[in-house]
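Taking it in order: structure first as C-alpha cells, then the write-up.
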Amino acid sequence: MRVPFLNGPAVEQAVSPERAVEAVREAFIAYARGEWTMPPKVYVPAYPAGDFRAMPALGAGHALLKWVTSFPGNPARGLPTVMGLVLVSDATNGVPRAVLDAGAVTALRTGAAAVLAAETVGRADAETAAVVGAGVNGRAAARTFVARGRRPLIWDVDDGRAGAVAEELGCGVAGSREEALAADLLVTVTPGREVVLGPGSLRPGQHVSLMGADGPGKAEIAVEELARVRVFCDDWEQASHNGDLVHAVEAGVVARDDVTELGAVLVGTAQGRRSAEEATAFDSTGLAIQDLAIALAALDRVDELVDLPVIEL
C-alpha cells in the first residue's frame, strides 16, 4: 500500500491561508452541530523541556491522529519548537490515506483560528492588527491576516525575527511591544511563559486571540483581565483545563456560563460581540478537528502536487 507523505512545503502548497480559514470555519460548525467528534487531547509531559500530545478526531468520513511536540527551547538548538506527524485514515475501512507534517498543519490551523476569531468577534470597523510573536505560528497568523486583506504590525523579542517575517509578508514592525498590544485586532503567539496582557490592558472594543497558552502552566493574559472582558474559546473542556482559562477557573473568577465557544457563535446558537465597546478575548488551545480540516483540504489537492514522496506499508 502506498500512502502519500506531505512535508511542510507540500502542505503549504496544497492549502492557502484563505482556504485554511474556510476549512477551520467549517470544522467549528461541524463540531458545534455534533457532526464531528473529538476525544480529549492527551498530554505526555517531558517537563521542563517540553511535552508530547496525541490528538484524535473523526469527521467527514475520515479519522485523524496527530502526534506532535512542543519544546520551547528547541530554536536555541537549531530545532523547531513543534514537530510531529498527522495520520489520516478512511473511517469506513481504516485504510491510511495520508501522512502530513504536523508543524505545517499546526501553523495553518493556528493562523486560521486566530484570524477567524478576530473576524468573528472583533469589531467590524477594526482598523489595525498586530501579531506578538514571530515564530512559525506567529508567521502563520500574520500570513493569514495578509491573505484576508490586512497588514499587521509584527513584534517579537527577537528584532531580527520580527523584521524577517515583516519583510517576507510586506508588513510593518511595531516600534515597541506596547504599540503592537494596542492594535484593534491582536494575536499573541508567545511561548506562554510570561503574561503579556496585564490587568486593564485591553481597551474598549479591542480583541485579542490568545494562541500561545496551549498547555499546563502557560499563560498570556492575567487572570484579572480575563475576568474583566468577554471571553470566547475554541472548546470549553479543553481550554478550561489547558488554556489561559484554567487559571481563571481555578481562581473562581470565571465559570462555564461566562465563556462562549466560537463554534456556537458561528452556527448562531450563541451571541457574539454585543457592542462596539466590548473588549473580547479568544482562548485557543488548538483542536484536532482543526487539524482534520486542514488535512482534508490538503487531500483535496494531493493529485496536483508533483514529486510527492510515498510511504510503503
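What follows is calculated from the coordinates using simple rules that are stated; it is not laboratory data. Note that the coordinates shown come from a computational prediction; the quantities given were computed from them, not determined experimentally. Cβ: placed from backbone, ideal geometry, glycine included. Neighbour counts: every protein chain shown.
When a footprinting reagent is the concern and you count Cβ atoms within 10 Å, what order do Thr144, Thr190 take, fewest first? If you can, show how the numbers build up before the last one.
On the way: Thr144 29, Thr190 23.
Going from least to most buried by this count: Thr190, Thr144.
What nm value, rounded to one decimal, do you get for the distance between Asn74 and Glu22 when each label is placed 7 Å out toward the C-beta?
With each label placed 7 Å out from Cα toward Cβ, I get 3.1 nm.
Hey, what number do you get for the chain at 222 nm if only DSSP H runs of n ≥ 4 count, each worth -39500 (n - 2.57), divided across all residues, to the nearest 500? Present the calculation step by step, with values, prior to reporting the outcome.
On the way: 11 runs with 108 residues, N = 313.
Helix-only estimate at 222 nm: -10000 deg cm²/dmol.
Gain in length, Ser176 to Asp257, computed as 0.36 nm per residue apart minus the alpha-carbon separation, to one decimal in nm?
On the way: separation 81, 0.36 × 81 = 29.16 nm, distance 3.61 nm.
Length difference between fully extended and current span is 25.6 nm.
Using a simple charge model, +1 on the beta-carbon of Lys and Arg, -1 on the beta-carbon of Asp and Glu, nothing else, what dipole does the chain show about its Cα centre, in debye to the nearest 20?
Computed about the Cα centre, the dipole is about 200 debye.
State whether the stretch 120-286 is rounded, prolate or oblate according to the following rule on the C-alpha gyration tensor (a ≥ b ≥ c being the square roots of its eigenvalues): a/c under 1.5 gives rounded; otherwise a/b larger than b/c gives prolate, and the remaining case gives oblate.
Cα axes put the stretch 120-286 in the prolate bin.
Sorted from fewest to most neighbouring beta carbons within 10 Å, what does the list Arg274, Arg123 look like?
Taking fewest neighbouring Cβ atoms as first place, the list is Arg274, Arg123.
Normalised by the residues of the chain, what does the relative contact order come to in percent, with Cα pairs under 8 Å and at least six apart?
22
Under a plain spin-label model, where a point goes 7 Å from the Cα along Cα-to-Cβ, how far apart in nm are Ala46 and Ala164?
Placing both labels 7 Å beyond Cα along the Cβ direction yields 2.3 nm.
Give me the extension gain from Val95 to Ala124: residue separation times 0.36 nm, minus the current Cα-Cα distance, reported in nm with one decimal.
Values: separation 29, 0.36 × 29 = 10.44 nm, distance 4.43 nm.
Going from the current span to full extension adds 6.0 nm.
Measure nothing fancy, just the Cα-based angle from helix 288-299's long axis to the longest principal axis of the chain, in degrees from 0 to 90, nearest 10.
50
Along the Cα-to-C-beta direction of Val302, a point sits 7 Å from the Cα; which residues of the stretch 1-38 have their amide N less than 19 Å from that point?
1-16, 20, 23-24
Measuring from the lowest to the highest alpha carbon on each principal axis, how far does the chain reach, largest first, in angstroms?
57, 42, 40
Can you put Tyr47, Tyr31 in order of Cβ neighbours within 10 angstrom, beginning with the fewest? Each step should come with its number before you reach the end.
On the way: Tyr47 9, Tyr31 27.
The order, fewest Cβ neighbours first, is Tyr47, Tyr31.
Taking the mean number of other Cβ atoms within 10 Å as a proxy for protection, how do you rank 207-216, 173-182 from highest to lowest? Before the final figure, lay out each step's value.
Numbers: 207-216: 26.5, 173-182: 16.2.
So the peptides 207-216, 173-182, ranked by packing, come out 207-216, 173-182.
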